[in-house]
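What follows is a single structure, written as structure tokens, with notes after it.
The values are calculated or read from the model by the stated rules, or taken from the named source; none is laboratory data. A quick note: this is a predicted structure, and the numbers were derived from the prediction, not measured. Note that we place each Cβ from the backbone using ideal geometry, even for glycine, and neighbour counts take in every protein chain shown. Heads up: the accessible areas ignore ligands, DNA and RNA and are worked out on the full protein's heavy atoms, side chains in. Shrake-Rupley method; radii C 1.70, N 1.55, O 1.52, S 1.80 Å.
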Amino acid sequence: MELLKSTKRVVLLFAVAIFLILSIRFATHTSFAKTAPPTPASRPWMNASLSPDDRADLVVAQMTLNEKIQLVHGTGWGVLRDGDPVPPRSNLGAGYTPGIDRLGIPDINLADSATGVRLGAIQSRYSTLLPSPLALAATWDLQSANLYGEVIGRELRDQGFNMSIGGGVDLAREPRNGRNWEYAGEDPLLAGSIVGYLAKGVQSQHVMGDIKHYALNDQETGRTVVNVSMDKRALRESDLLAFQIAIGISDPAGVMCSYNKFDGVYACENDYLLNEVLKKEFAFKGWVLSDWGGAHSTVPAANNGMDMEQPEDKYFGDALKKAVQSGQVPEARVNDMVHRIVRTMFASGVIDHPVLPRRVVDPFKGLEDAQRIAEQSIVLLRNSDKVLPLSEKVRSIAVIGSHADVGVLSGGGSAQVDAPGGNAIDPKPGTAEWQKPMYFPSSPLKYIRQAAPKAKVEYNAGTDPASAAALAKSSEVAIVFVNQFTAEDADFPLSLPDNQDALVKAVAAANPRTIVVIESGTTILMPWLNDVKGVLAAWYPGIGGGQAIANILFGAVNPSGKLPITFTNSEADLPHPQLPGMDLLLKARADRVPPDTPLPFFDAHYSEGARVGYKWFESENREPLFPFGFGLSYTTFAYSNLKVDDKQKKISFSVKNTGRRAGDDVIQVYAQLPAVSGESFKRLVAWIHTSLDPGESKTVTLPLDPLCLSIFDTQKNAFTQLKGDYKLFAGSSSRDLPLVATLKLTE
Ligand code: BGC
């Protein structure tokens, strides 16, 4: 009887369990059914199991010509120009293209976001200021690049944007370029990889990414009137290679064509750049959008490859419609523009995962990520007598200059992020002012005080070298912060402004333990280098900059950044001692021409070709101040045992941390191509960023990408690998390469 009872109980329990499992499954299914996006028969393109191209074909087939035209232009300068109308559904970014509600195609809200989301202050929003992209390149770390993009993508989404217009990958061919801080340095492999992973990170957040400014927007002087020319092979092996690599890694939604001309034709209507290279050879599937006001025509621009005009509709509004109706632009071409836009919206997820109603960004997460990247980006350039890291036992420190009491500098122009609370040196709410230096509230002084709680830490503004020197004299250590503000729409001399060289000299003369911290947008000259003991390149370090600098100074973080750009001894050593167009600018200034008047058209022949940065210095036998790839650590590394696998095209070597601290190292591999290449310099072909404990050694193997070993053969119009001996070098910078081996390519 008892047995029967318990069997009954078990059966009952079992039945209840089955019922519960089934009902949970049923409930889950029904709740999925409730939340799943509808795929009504009337909108078959909403079926996410179809390919983005098939979905785009289905929806484009439903569009009227007016609807197609609506998708290929912006709606005006909006918030960018005082008094211009702002469309009601615009999210108040740099650009807005309304979607097509009847077909379920959402609006495209584009935001400048090279180093964080721009224009937050007009809506009282906060955005994280990351270190500059040039700083990011100094990490030589692709994971950091991906993280950087994730922060931007995350905050764009949180703020209601679905497209980033960051991703600058123009090479730092011209060190004085006011936008170098927005780019990723002088080498196509490094810059292309860093910006590629950055854009990938943006797109991982269901936000469309962008790569810009295509192509050869390598100087700001006369950027809208300069006609750049360069040998085709050199072009493909330098600037265009950076784009090719970045686009290959990220498959970006957009490529922004630049303001300048190339070979006599505006970049935004340049058949060679857009159709032949970008769309055919690079197989770019997204769309080409003009830089703001960079479109110059309807028929040539449309037929030669531009797909969207921003931010207006001067050429791609009614004018394009008329050109289609009159047969000057085939409707198939407009279909292609729209297909590119819509397929990319499907591919990136902005249709299946539309931006949610606006949320607030997480400033703490942003700060943590920004600080981590900044710490990896700071380059220790000089450390004489091991002046660094500073001991927490130091008794007195003079902190001098660059508003280090309140914040850190950022770069100017359309990539400028608004500082929380306004400019730290002139706090008031509101957006950044064009071309005005903006400091972010991350005070190095505060974090230096925290790191040395027992020390007397005093600040001097540095505006009077004598008083700064007096403070330095009475202190055990002097830390001078120097700054170089650079911004879009202008180029800048490499000498420090505002008498800062004299300041450093005066302080160094007063205190033998002087350390210089540079906040800069590009390289600078250092006439005082031999007078000081320590130098850190902190770039524009972002909202976590104060903490990051203090952590490096006191050794909480061991520096591992390496230069992504060559530091020259003098402007006379550059390929163009005077910037192309500078003569015209100086003349216009002398003639008192109003500053907004464009310069007359002029030619810039970049005769140095692919010999950008370190390649120029090597082939011209010039000594740089600091070479590309250079950066010190608080520990030391030794390299050995370089081996080359000719068949697999792989290289391996060992690296050992020979010091007493854990540290990261970036070991670089360069190749000198066979003599038939005609190349008189080495080129970067691979690198590894690795962490090592004291005494630890590792053997690393790196594949060599055939593209990096190839030359561009203009006869074949293709990259080709030459047969012969490739001399390979590995080491800690482009000029310190102790390991040498030969790779033999026979096919
Ligand atoms: C810049 C672009 C920017 C655009 C929108 C242009 O002046 O060159 O990089 O995205 O403005 O602000």
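Using Cα-only point scatterers and the Debye equation, what is log10 of I(q)/I(0) for region 535-601 at each q in 0.12, 0.22 Å⁻¹, rounded to two decimals? Cα-only, vacuum Debye calculation for region 535-601: -0.62, -0.93.
Amide H contacts of Y266 (H built 1.01 Å from N, in plane; Pro and chain starts excluded): no residue 5 or more places away or on another chain comes under 5 Å.
Computed over neighbours whose Cβ is under 15 Å from that of A508, the net charge equals +1, Lys and Arg +1, Asp and Glu -1. Once you order the gyration tensor axes a ≥ b ≥ c over the Cα atoms, which shape class does region 519-675 get: rounded for a/c under 1.5, otherwise prolate or oblate by comparing a/b with b/c? Oblate, because a/c is 1.5 or more while a/b does not exceed b/c. Taking a straight Cα-Cα cut-off under 19 Å and skipping sequence neighbours fewer than 8 places away in the same chain, the lysines within cross-link reach of K656 are K562, K643, K698. Here is the list for region 559-650: GluC sites (Glu not before Pro) lying in DSSP coil, each with at most 14 other C-beta atoms within 10 angstrom of its C-beta, are E620.
For region 701-716 and region 251-301, write down the distance between their C-alpha centroids in whole Å. Spelled out, the Cα-based centre of one part sits 25 Å from the other.
Around the amide H of M438, modelled in the peptide plane, lie the amide H atoms of S410, all under 5 Å away and 5 or more residues distant in sequence or on another chain. Okay, which of region 283-306 sit inside 11 Å, backbone N to the point 7 Å along the Cα-Cβ direction of N275? Only 300-306 fall inside the zone, counting backbone N under 11 Å. Excluding ligands, DNA and RNA, the accessible surface per residue across region 155-230 is 11 Å² with a 1.4 Å probe. Site pair K232 and V700 shows an inter-label distance of 3.8 nm when each label is modelled 7 Å from Cα along Cα→Cβ. Using a probe radius of 1.4 angstrom, the carbon and sulfur fraction of the accessible surface of the chain is 54%. Within the assembled protein chains, the solvent-accessible surface assigned to W539 is about 0 Å², based on a 1.4 Å probe. You can think of it this way: the chain between K647 and S619 has 7.1 nm of extra reach, that is 0.36 nm per residue less the Cα-Cα gap.
Amide H to amide H distances under 5 Å link E696 with N657, where only residues 5 or more positions off or on other chains count and H is placed in the peptide plane.
Label-to-label distance for K716 and V299 is 3.9 nm, based on points extended 7 Å past Cα in the beta-carbon direction.
Quick one: which of K647/K716; K365/K446; K682/K723; K682/K716 span more than 19 angstrom between C-alpha atoms? Exceeds cut-off: K647/K716; K365/K446; K682/K716.
Taking Cβ atoms as reference points and 15 Å as the exclusive limit, the residues near T635 contribute a net charge of +2, counting Lys and Arg as +1 and Asp and Glu as -1.
Residue farthest toward the positive end of the dipole of region 432-590, with Cβ of Lys/Arg at +1 and Asp/Glu at -1: which of P453, Q500, A548? My answer, from the dipole projection, is P453. Bridges between two residues of region 185-343, per DSSP, are antiparallel at a rate of about 15%. Can you show me the helix-derived [θ] at 222 nm for the chain, built from DSSP H runs with n ≥ 4 at -39,500 (n - 2.57) apiece and divided by the number of residues, rounded to the nearest 500. Value at 222 nm, helices only, nearest 500: -8500 deg cm²/dmol.
The alpha carbons of the chain stretch over 93, 84, 65 Å along the principal axes, in descending order.
Taking the DSSP bridge list for the chain and keeping only pairs wholly inside it, about 55 percent are antiparallel. Volume per residue of the convex hull around the Cα atoms, evaluated for region 302-373, comes out as 164 Å³. Candidate membrane-span-like segments in the chain, meaning DSSP H helices with Cα atoms spread over at least 30 Å of their own axis and a Kyte-Doolittle mean of 1.0 or above, are 2-35, with no membrane implied.
A simple rule links phi to the HN-Hα coupling: the Karplus curve 6.51 cos²θ - 1.76 cosθ + 1.60 with θ = phi - 60°, which for region 716-733 gives 7, 6, 7, 6, 9, 9, 8, 7, x, 8, 9, 7, 10, 10, 9, x, 9, 7 Hz, with x for Gly and Pro.
The Cβ shell under 12 Å around L129 holds other residues with a net charge of -2, Lys and Arg each +1, Asp and Glu each -1. Shape verdict for region 449-574, please, from the Cα gyration tensor: rounded (a/c under 1.5), prolate (a/b greater than b/c) or oblate. In terms of gyration-tensor shape, oblate.
What length, rounded to one decimal in nm, is gained on full extension from L586 through to T64, with 0.36 nm per residue of separation minus their alpha-carbon distance?
Net length gain for the segment: 182.8 nm.
With an a/c value of 1.5 or above and a/b larger than b/c for the gyration tensor axes a ≥ b ≥ c computed over the alpha-carbon atoms, region 123-274 is described as prolate.
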